[in-house]
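The values are calculated or read from the model by the stated rules, or taken from the named source; none is laboratory data. Every value quoted in this text rests on a predicted model; they were computed, and no experiment measured them. Virtual Cβ from ideal backbone geometry, glycine too; neighbours counted across all protein chains shown.
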Amino acid sequence: MRKSFLYIILFLAALTARAQYPYYPYQEHPYNFVRYDLNYIQSPGDSSRLLRFLKKMDDLVTLGKGSVNIVHIGGSHVQADIHSGRFRDKLEHMLPGMSGPRGFVFPFKMAKTNSPSNYTVSYSGNWLACRNVQSSACELGLSGISVTTYDTLTEIRIDPNNRVQGYYDFNKLRIFHRIDSASFEIFPLSAMPARITTYPDKGYTEIEFSGYEKVADFQLRRSRPGQNFFTLYGVQFVNDDPGFSYHSIGVNGASVPSYLKCQKFAEHLSVLEPDLVILAIGVNDAHGSNFSKEVFMKNYGRLLDLIEQAAPGCAILFVTNNDTYFRKKYVNYNAGPVKDAMFQMAKERGLSVWDVFSIMGGFGSMATWQTNGLAASDRIHFTGAGYKLIGDLMFEALIHRYTTYLQQTKP
């Protein structure tokens, strides 16, 4: 225990020694237009939720004890899983020996939309997609997207190891799907399961293996009359090892009301047992002249209530909107009221805020980021390099807050 604690202190001290700005423990990307001095997590009200999360993170990092579950929810920024993926990688490589699972994923390829590059999907059969940004009604879960097939003997293969460093293994696979008598049955293909259990009240079937596996491979079959379809909401890779489990949930174009349409949002979120929920929803809510701060806060209040229902007392971190433009030319000043709303809700409910809007430079800063190859031409999204920088900054803000926690609790 003492050796592990000494290691992390030396690790954090080495990082802090590289800093050239207050509150900024790294200096990997020295852009002079980025406000590194503002890169920290703020808790304008009661911080007890965040402190509980940091305590659990500390138990993992210093004692190798338990697992830390983080759920990151957003729109297109998160669906691509570039900055969230960068954040995940940095968490997992904080210390040697961490081997948390890949967590929750959705096979976006089956919905014919862009997919994260860090896992691969192959499948057979014809599938129909439904998203929470559509006006048509369909049953959805936490992922905000589903795919449905009416073809039997279809197969799905998901490899979570399309990356250079390390690999994910798992001994449990949770398949979130519609559960009723008309649904096809699930049959594992590549490995013999020790147990298959369906939990109708939680919305998933769990396949438990006798050993550790690297690839999920299963078939959907009609095993009795009356079974004629299968609707998939997502897949969770699970193992029993200590580590971070970082689940990124994103749908292109999603707003807060989009997730309020997901009937099984709280049901599925409760299964992930989040210690921290990162809420990066707001760009699509505020991208228009009819934006209302009051309506925005009312909608967010309903979403926060769902999260509290699913994970009472978990830490919640708002991510403010990045600077954006209308039609590439006009600064979107709605980012200001969004920021104010998030700080107000954080103060009232004991939540926290990471103010990426101010860190990137405030109003008009997206043009500077574009000039430096960090923002896309639409001045709403970032380039790959920009998303990676955002991921680095978010990780560094967490490390700074964790360092402060250590200084306050273990002088």
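Let me confirm something: among SER377, SER358, SER352, which residue is assigned by TED's automatic domain parsing to the domain that holds LYS293 and in contact with a Ser or Thr (Cβ under 6 Å, 6 or more places away or on another chain)?
None of the others qualify; the one that does is SER352.
Scan the stretch 154-169 residue by residue and report those that are of a type in the set (A, V, I, L, M, F, W, C) and modelled with pLDDT of 95 or more.
Residues satisfying the conditions are ILE156, ILE158.
Scan the stretch 62-82 and tell me whether some residue there is surrounded by fewer than 18 Cβ atoms within 10 Å (Cβ to Cβ) and among the basic types (Lys, Arg).
yes
Right, GLN370: surrounded by fewer than 22 Cβ atoms within 10 Å (Cβ to Cβ), within 17 Å of HIS83 (Cβ to Cβ) and free of Cβ contacts under 8 Å to residues at least 12 places away in the same chain or not?
Yes, satisfied.
Select, from LEU276, LEU220, LEU260, LEU306, the only residue that is touching a Leu at 6+ places or on another chain (Cβ under 9 Å), buried (at least 22 other Cβ atoms within 10 Å of the Cβ) and not assigned by TED's automatic domain parsing to the domain that holds PHE108.
None of the other options fit; the residue is LEU276.
Need pairs with beta-carbon distance below 9 Å; first residue in contact (Cβ under 8 Å) with a residue 12 or more places away in the chain and within the stretch 57-73, second small (Gly, Ala, Ser) and in a helix (DSSP H, G or I); sequence gap 6+ or separate chains.
VAL61/SER4; THR62/SER4; LEU63/SER4; GLY64/SER4; HIS72/SER84
(1) in the same structural domain as LEU63 (by TED's automatic domain parsing); (2) on the phi > 0 side of the Ramachandran plot: which one isn't true of GLY226, the others all being true?
Tallying (1) in the same structural domain as LEU63 (by TED's automatic domain parsing); (2) on the phi > 0 side of the Ramachandran plot, GLY226 fails exactly one: (1).
Of the numbered conditions (1) farther than 30 Å from THR383 by Cβ; (2) assigned by TED's automatic domain parsing to the domain that holds TYR233; (3) out of contact with any Phe, Trp or Tyr (no Cβ under 9 Å at 6 or more places or on another chain), PRO96 fails exactly one; give the number of that condition.
Going through (1) farther than 30 Å from THR383 by Cβ; (2) assigned by TED's automatic domain parsing to the domain that holds TYR233; (3) out of contact with any Phe, Trp or Tyr (no Cβ under 9 Å at 6 or more places or on another chain) one by one, PRO96 breaks only (2).
Check whether at least one residue in the stretch 29-38 is under 25 Å from GLY350 (Cβ atoms) and at pLDDT 50 or above, and report yes or no.
yes
Among the residues of the stretch 57-92, which ones are in a helix (DSSP H, G or I), closer than 20 Å to ASN114 by Cα and either outside the structural domain of THR383 (by TED's automatic domain parsing) or hydrophobic (A, V, I, L, M, F, W, C) (or both)?
Hits for the stretch 57-92 are VAL78, PHE87.
What number of residues within the stretch 122-149 are under 9 Å from TYR233 (Cβ atoms), surrounded by fewer than 18 Cβ atoms within 10 Å (Cβ to Cβ) and among the aliphatic types (A, V, I, L, M)?
0
How many residues does the stretch 151-192 contain that are surrounded by 18 or more Cβ atoms within 10 Å (Cβ to Cβ), free of Cβ contacts under 8 Å to residues at least 40 places away in the same chain and closer than 20 Å to ARG224 by Cβ?
1
Given the conditions (1) over 21 Å from the mean Cα position of the chain (by Cα); (2) surrounded by 20 or more Cβ atoms within 10 Å (Cβ to Cβ), which single one is not true for SER358?
Result: SER358 fails condition (2) only.
Find the residue count for the stretch 245-257, including only residues that are surrounded by fewer than 24 Cβ atoms within 10 Å (Cβ to Cβ) and touching a strand residue (DSSP E or B) at 6+ places or on another chain (Cβ under 6 Å).
0
Within the stretch 314-336, is there a residue that is of a type in the set (Gly, Ala, Ser), more than 30 Å from GLY203 (Cα to Cα) and out of contact with any Asp or Glu (no Cβ under 8 Å at 6 or more places or on another chain)?
Yes, there is a match, as at least one residue in the stretch 314-336 is of a type in the set (Gly, Ala, Ser), more than 30 Å from GLY203 (Cα to Cα) and out of contact with any Asp or Glu (no Cβ under 8 Å at 6 or more places or on another chain).
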